[in-house]
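A.B. asks: I'd like to ask some things about the structure below.
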Amino acid sequence: MNRQSNWSETSAMQHRLRLEFGLFFIAVPVVIAVFFPPDWMFPSLFTFTAIGIVLLHFTPGFAWAELRYNWRNWSWRELAVFAVAMIAICSALVLITRPGAAFSLLLNHPKLLAFIWIGYPLASALPQELLFRSLFFRRYRSILPNGRAVYLLNAGLFSLAHLMYWSWIVAIMTFGGGLLFSWAYRQRGSFFYAVLLHAIAGNIIFAAGLGIYFYSGNVQRPF
């Protein structure tokens, strides 16, 4: 009887987690992208982030101290290779798709770019990693697929969260970023490394001029 009761409780818990997971990672980003006006996006994302942090805080077994685990599990050489690759990719992409925006902040508004470089890691990269790596893999691990499928799912949902920009460039870049950041978090066991890679990628994107695709004022819905 106890075994059956425990199985029922576990099944009910997983059902609730699946429902919560679907609402948080699928329904909310789609609703924001489809129904909310562009000037509502950042307040909506702030609320979305706050809810996610609360969910993470109350996740059974989670402790904020674990975000420090393996924080130094990376190498400067690896980081340099990543930065050079990002510079090359972003430079080529902006020159092909929006040459007029290429390096515009770097050349014309260096102070604004410096402000972005300081603020982006804390205001954007850090909270996104809390939601899409820590919350995703810690709170919902019992309902996640195994092997490579979980990385693809994570990257797909990370890309979906950026649907609000309605850009195929944003979709591809965030999918690739999701794969890399989840690898850093899972395989290296380092939340810090995931944030660091995310911060470097974002800052290079803005320096190259691709930030134009991540600006809500430029959003054009296809409907």
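A.B. asks: Assuming a viscosity of 0.692 mPa s and a temperature of 37 °C, what translational diffusion coefficient in µm² per second does Stokes-Einstein assign to region 140-196, Rh being the Kirkwood radius over Cα pairs?
C.D. replies: The calculation lands on 280 µm²/s.
A.B. asks: Any idea of Phe35's accessible area? Nearest 10 Å², probe 1.4 Å.
C.D. replies: Number for this one is 150 Å².
A.B. asks: Determine the per residue accessible area of the chain with all protein chains present and a 1.4 angstrom probe, expressed in square angstrom. Write down the numbers at each step before the final one.
C.D. replies: Values: 12560 Å² over 223 residues.
About 56 Å² of surface per residue is accessible.
A.B. asks: Okay, next question. Show me the ranking of peptides 201-212, 176-187 by mean Cβ neighbours inside 10 Å, starting with the highest.
C.D. replies: Answer by packing, highest mean first, reads 201-212, 176-187.
A.B. asks: What FRET efficiency comes out for the pair Leu23/Gln220, r = Cβ-Cβ distance, R0 = 30 Å, nearest 0.05?
C.D. replies: 0.65
A.B. asks: Note down the relative contact order for the chain as a percent, whole number, built from C-alpha pairs under 8 angstrom at least six residues apart.
C.D. replies: Taking the mean separation of contacting Cα pairs over the length of the chain, I get 34 percent.
A.B. asks: Follow-up. Can you give the angle from 0 to 90° between the axis of helix 191-208 and the longest principal axis of the chain, with both taken from C-alpha atoms, to the nearest 10?
C.D. replies: 30 degrees
A.B. asks: Which peptide among 161-172, 114-125 comes first, and what is the full order, when sorted by highest mean count of other Cβ atoms within 10 Å?
C.D. replies: With the highest mean Cβ count within 10 Å placed first, the list reads 161-172, 114-125.
A.B. asks: Over the Cα atoms of region 75-141, what radius of gyration and what Dmax do you get, in Å?
C.D. replies: My reading of the Cα-based Rg and Dmax gives 15.7, 46 Å.
A.B. asks: Quick one: Kirkwood hydrodynamic radius for region 167-206, alpha-carbon pairs, angstrom, one decimal?
C.D. replies: On the way: mean 1/r = 0.0972 Å⁻¹.
Taking the inverse mean of 1/r over all distinct Cα pairs, region 167-206 comes out at 10.3 Å.
A.B. asks: Same structure again: What base-10 log of the normalised intensity I(q)/I(0) is obtained for the chain from the Debye formula, alpha carbons as equal point scatterers, at q = 0.07, 0.16 Å⁻¹?
C.D. replies: -0.24, -1.19
A.B. asks: If I fit a long axis through the Cα atoms of helix 148-160 and take the longest principal axis of the Cα atoms of the chain, what angle between them do I get, 0 to 90°, rounded to 10?
C.D. replies: The helix 148-160 is inclined about 60 degrees to the chain.
A.B. asks: Could I ask something else about it? I'm checking a number: the convex hull volume of the Cα atoms of region 47-95, normalised per residue, in Å³. What is it? Each step should come with its number before you reach the end.
C.D. replies: Values: hull volume 5.5 nm³, N = 49.
Spread over its residues, the Cα hull of region 47-95 gives 112 Å³ apiece.
A.B. asks: May I ask for the percentage of alpha-carbon pairs in region 77-209 that lie more than 22 Å from each other?
C.D. replies: 38 percent
A.B. asks: Extension gain Trp76-Thr47, at 0.36 nm per residue separation less the Cα-Cα distance, in nm? Intermediate values should be presented prior to the final figure.
C.D. replies: On the way: separation 29, 0.36 × 29 = 10.44 nm, distance 3.53 nm.
Result for the pair: 6.9 nm of gain on full extension.
The values are calculated or read from the model by the stated rules, or taken from the named source; none is laboratory data. Remember, predicted model here, so these are calculated numbers, not experimental data. Glycine also receives a Cβ, built like all others from the backbone with ideal geometry; neighbour counts cover every protein chain displayed. With ligands, DNA and RNA removed, areas are computed over all heavy atoms of the protein, side chains included. Shrake-Rupley method; radii C 1.70, N 1.55, O 1.52, S 1.80 Å.
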